[in-house]
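Bear in mind that the values in this text are calculations on the coordinates, not laboratory data. Just so it is clear, the model here is predicted, and its values are computed rather than measured. A quick note on method: Cβ atoms are made from the backbone with ideal geometry, for glycine too, and the neighbour counts reach across all protein chains shown.
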Ligand code: ADP
Ligand code: MG
């Protein structure tokens, strides 16, 4: 087989927002499933000790022998630790509570912010997309995600304080870009849990477009109960109920992402 150069490998995206409950995990698993559906090879990395993206991809976090924790501490490679989710159509590098300890253990180690990047480099040729579900903090775990990525996808609800919260994240991304990872950029803001009947949400959405212009994705994810129900079946909404409005929106978003990486 022809040699594959490093630059032909996967594009890596973090789904990040330091606020909890804003739709990071829902976006990660549904984008992963949507990308798989349109024929992309996807690795989903769960970087949150809560392990919601793992469970939400049909992988039992309590039964994992190897997780992203072992990868960060270099006791396993991603090739060894990943699990195929047949139902979802993508590979999963899972997480569980053990990962909470990595924060402390990494402090002792050299290149502690580059561990995930190095591990991804070894498997990047085998994927089109690597998606990383970040924890709700700007911690060493999130930093490992940001150092690995070409871009950050920021899911946000169009609420009154949404723009305020964005400032910290934007500043962190600027610092990582300047000091640690020249590739990093905000690839886009994704409006999630959107309800067009709420005037305030329309107003905040308009403000977002005014401030961030083409950094705001065209696709809007509606508030949709099927997306919220799907995790209890261990599936992304896109797999659990493909006909649901929210699922269709995530497949549309996957297509938008495929278009975007063509231009990267
Ligand atoms: P985070 O990972 O940022 O903490 P989650 O993805 O877990 O956020 O979402 C928080 C809650 O909102 C979950 O209960 C999830 O099912 C629900 N949720 C996320 N997106 C939607 C949506 N578009 N419509 C309805 N519920 C949603
Ligand atoms: Mg989450």
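Here the peptides 84-97, 163-176 are ranked by packing, the mean other Cβ count within 10 Å, and the order with the highest first is 84-97, 163-176. Straightening the chain between residue 163 and residue 218 buys 18.0 nm, computed as 0.36 nm per residue apart minus the Cα-Cα spacing. Ordering 19-27, 223-231, 142-150 by mean Cβ neighbour count within 10 Å, with the highest value first, yields 142-150, 19-27, 223-231.
Taking 22 Å as R0, compute the FRET efficiency from the Cβ-Cβ separation of residue 104 and residue 170 and round it to 0.05.
Calculated transfer efficiency: 0.20.
Estimated purely from DSSP H runs of n ≥ 4, each contributing -39500 (n - 2.57), the mean residue ellipticity at 222 nm for the chain is -11500 deg cm²/dmol once divided by its residues. Each of residue 226 and residue 63 was given a label point 7 Å from its Cα along the Cα-to-Cβ line. The distance between the two points is 2.7 nm. Helix 245-262 and the longest principal axis of the Cα set of the chain meet at an angle near 60°.
Taking the 0 to 90 degree range and rounding to the nearest ten, how far is the long axis of helix 162-179 tilted relative to the main principal axis of the chain, both from C-alpha atoms? Around 30 degrees separate the two axes.
Between 0 and 90 degrees, the angle of helix 199-212 with respect to the longest Cα principal axis of the chain falls at about 60 degrees. The slack between residue 207 and residue 139, meaning 0.36 nm per residue of separation minus the straight C-alpha distance, is 21.6 nm.
Semi-axis lengths, largest first, of the ellipsoid equivalent to the chain are 27, 21, 18 Å, with √(5λ) applied to each eigenvalue of the Cα gyration tensor.
Peptides 237-245, 105-113, 181-189 ordered by packing proxy, namely the average of other Cβ atoms within 10 Å per residue, highest first: 237-245, 181-189, 105-113. Of the beta bridges in the range 85-234, as assigned by DSSP with both residues counted there, near 10 percent are antiparallel.
This ranking places 48, 206 by how few other beta-carbon atoms lie within 10 Å of each, fewest first, which gives 206, 48.
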